[in-house]
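Structure first, then comments.
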């Protein structure tokens, strides 16, 4: 048997290299496909800049564009400011104080992420509306008529409140994780220098945690720019609702594309701010003898204030919406548990599972390609593949549908007998859009997994003569399996919560759980939204439990 370490002749090695260049590399193909899936939908949007303007676009440009811009900016900045205040305050309190019930509140303060903002908006309307619990009790039992200013609260305020109560965990989690790794000596020195609690927070703490908190606020801004359910329910004129109005209301795709370009410009500004925030004021521990922050035992009035704050936020952000949905479910479950809802549940689980599987396979292949072939081009392709998450869903949907219409036209030239609308009327378009938008989540999860295990075991396997595919199956996958499965859970839950893509790209006469709840709310049948809303939440929880069980195997 020839030795595997025998050197190959130079000429043979040269010939094998020449043939290898002609054969596409499988790992590189994963990365290229992910890159094209993320950026190809942008091409129709850019081409839309050069199309002739329609009469409707001229009207939007003269009379409506300023209103769209102002409403979008107000909502985005308002939600970012409130989530900054709320998330930083809670993270600071939880990092520096140890009180009874802290473990319970650490869980409760993250739970609002499980509720999509548009579902929370329906629940809050049911609680505070004219026929809701609050006003009904005040009229019927307390014989109190609420002041008009309490009843007629502006829609912008409600939208900012809903966004803040459901999205503040982005700021809270990033800030909390940052504070856990900070040195205790910084705050101790500030205390020795005579700094009080407020002065220590504003002069020392806030500058330290600003990069993490600012990054969380930018993520909140991106979520607000992407939203359609909350803004459409409250009747607000944002770029996202304007895109839907142009596409469905006027049938003017060119106007929708131009509005999507304006929305993308706002996203670009947010990404620039995010990059500047992450680069600014980075601090790190430079000595191994530094101690991390340890919470101080808190009792008395201070503990009561902290518990009251955490209880109020948990109640408003999670338990109140869940309670309202439970009440609605009690009233409407017999009527809403029908064939349409079951079909929506099955389609949602199927389409989400398929998209999640494709995303995780592409992400794993792309990350492994980046480990095996480290070049500037590889880094560019990897970064470009993750840009889809930054594109608002309404803009992405327009790009995807325009792309698939162009592909269908080319296919009909080569294949005249091709069935009409084969791609655009099927689920392929929706799966492609999900993969383009949520690829970044799976990529980050897989990338962090491989970064933790490092290249040592992979290189040892390759040194022993194993190929890259065999090494991945025997070495890389067992080591990175837990993080990859956890990433698939995050991707699956985000797909479940997505509304605009489902509304725009779902096949004809087909509904998801999110679109079912949206249509019930649009028709003012809020009680019927309870079952599909719980379906979205419980499906994510069950999938998370299943993935956690797989991780432990």
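So the values come out like this:
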| quantity | calculated |
| --- | --- |
| Residue satisfying condition, being at pLDDT below 75, crowded, with 20+ Cβ neighbours inside 10 Å and within 34 Å of the chain's Cα centre (by Cα), within set 30, 35 | 30 |
| Those residues of segment 320-342 which are without any contact (Cβ under 8 Å) to a residue 24 or more places away in the chain and over 14 Å from residue 534 (Cβ atoms), in sequence order | 334, 338, 339 |
| Qualifying positions in segment 31-54 - in a helix (DSSP H, G or I) and within 30 Å of residue 371 (Cα to Cα) | 31, 32, 33, 34, 35, 36, 37, 38, 39, 42, 43 |
| All positions within segment 242-257 that are under 25 Å from residue 122 (Cβ atoms), surrounded by fewer than 24 Cβ atoms within 10 Å (Cβ to Cβ) and in contact (Cβ under 8 Å) with a residue 12 or more places away in the chain | 244, 247 |
| Residue 201, sole failed condition from (1) part of a helix (DSSP H, G or I); (2) at pLDDT 80 or above; (3) in contact with a helix residue (DSSP H, G or I) (Cβ under 8 Å, 6 or more places away or on another chain) | (2) |
| Residue identified as at pLDDT 75 or above and either under 27 Å from the mean Cα position of the chain (by Cα) or within 26 Å of residue 57 (Cβ to Cβ) (or both) among 280, 213, 303, 308 | 213 |
| Long-range neighbours under 6 Å by Cβ, at least six apart or interchain, first residue crowded, with 22+ Cβ neighbours inside 10 Å within segment 502-524, second modelled with pLDDT of 85 or more and in a loop (DSSP other than H, G, I, E, B) | 502/512; 514/499 |
| Flag for residue 337 being surrounded by fewer than 18 Cβ atoms within 10 Å (Cβ to Cβ), out of contact with any strand residue (DSSP E or B) (no Cβ under 7 Å at 6 or more places or on another chain) and under 25 Å from residue 546 (Cα atoms) | yes |
| Members of segment 146-161 that are modelled with pLDDT under 70 and part of a loop (DSSP other than H, G, I, E, B) | 146, 147, 152 |
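The values are calculated or read from the model by the stated rules, or taken from the named source; none is laboratory data. Keep in mind that this is a model prediction, so the values were computed, not measured. All Cβ positions, even for glycine, are placed from backbone atoms using ideal geometry, and neighbour counts span all protein chains on display.
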